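These notes are about the structure you will find just below.
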Amino acid sequence: MTAAPPRPRLVELDGRDLADRLAEALTVYVTAMGYPPSTARQRRTLWLEHVDRPGWRAVGWLDQAGPLLGIAYGYDGAPGQWWYEEVRRGLRRAGNPAWTNDYFELTELHVRPDAQGAGLGEGLLRALLAGTGRGHVLLSTPEHGPRPPGRAWRLYRRLGFRDVLRQHLFSGDSRPFAVLGRGLPLPRPEDRADVRTHAPA
Ligand SMILES: CC(C)(COP(=O)(O)OP(=O)(O)OC[C@H]1O[C@@H](n2cnc3c(N)ncnc32)[C@H](O)[C@@H]1OP(=O)(O)O)[C@@H](O)C(=O)NCCC(=O)NCCS
């Protein structure tokens, strides 16, 4: 009889853990996003700076041998942060600035391409958002364009994220983004059917 393959472990990462695994985490990020390796070098300082922000939390999946299969982190949104100010600008224009009160920003969520499609992303999101103590979560993700929504969109919709801003342009980036959000805490997985934002086809 062959043994079942070892299951990856979901772990909470502190700032030191992230610093120790930063190269691995950034490799997961660039491969998941399809960015060139040089992007990882550009992001190093930013990711380490984020560790010091109030409410910063990170979780990751480790496989048996140790390498990181997925990473997610975020922190409390607050005035003065670049992302807060950019989203607030869009929300003011849309006449709905209340979303920026009391929110946790989901900053990064990535699973290595060879480990995608098995629920690891949802596991990261649930673990990260379980301990924020905030009333809402907000995130930004590229608009999906004419193609069917990709895995990230499906995950967010499945977990009840709704549109906060669409076609939002962040300063210095020509790609339109959606800002999505929902109240916290998330419903338990067994209640999933109740949180769909669109009726199933
Ligand atoms: C978005 C991302 C993090 C999602 O991670 P993931 O592990 O692939 O996604 P999920 O947790 O949703 O699981 C994927 C699929 O497994 C299924 N699944 C969920 N639990 C499962 C389980 N226990 N066993 C098997 N399959 C399961 C889901 O139904 C889902 O199906 P679908 O994608 O066909 O709808 C990942 O695809 C990724 O890194 N993408 C590129 C980077 C990116 O876009 N990041 C977000 C930027 S905003």
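Just so you know, all these numbers are worked out from the coordinates, no wet-lab data involved. Keep in mind it's a predicted model, so treat the numbers as computed, not measured. Please note: Cβ atoms are built from the backbone with ideal geometry, for glycine as well, and neighbour counts cover all protein chains shown.
Details
- Placing R0 at 35 angstrom, the Cβ-Cβ distance between R16 and S171 gives a FRET efficiency of 0.60 after rounding to 0.05.
- Helix 120-129 vs. the chain, principal-axis angle (Cα, 0 to 90°, nearest 10): 60 degrees
- Other-chain or far-sequence residues with amide H under 5 Å of L184's (modelled H): H136, V137
- Within the range 9-195, all pairs of alpha-carbon atoms sorted by distance into 5 Å bins from zero give the percentages 1, 8, 16, 20, 22, 19, 10, 3, 1, 0, 0.
- Cβ-Cβ FRET estimate between R154 and R188, R0 fixed at 25 Å, reported to 0.05: 0.80
- With the simple model of a label 7 Å out from the Cα in the direction of the Cβ, S38 to W83 spans 2.5 nm.
- Mean residue ellipticity (222 nm) of the chain, computed from DSSP H runs ≥ 4 via -39,500 (n - 2.57), nearest 500: -9000 deg cm²/dmol
- Cα-based helix-to-principal-axis angle, 22-33 vs the chain, degrees rounded to 10: 70 degrees
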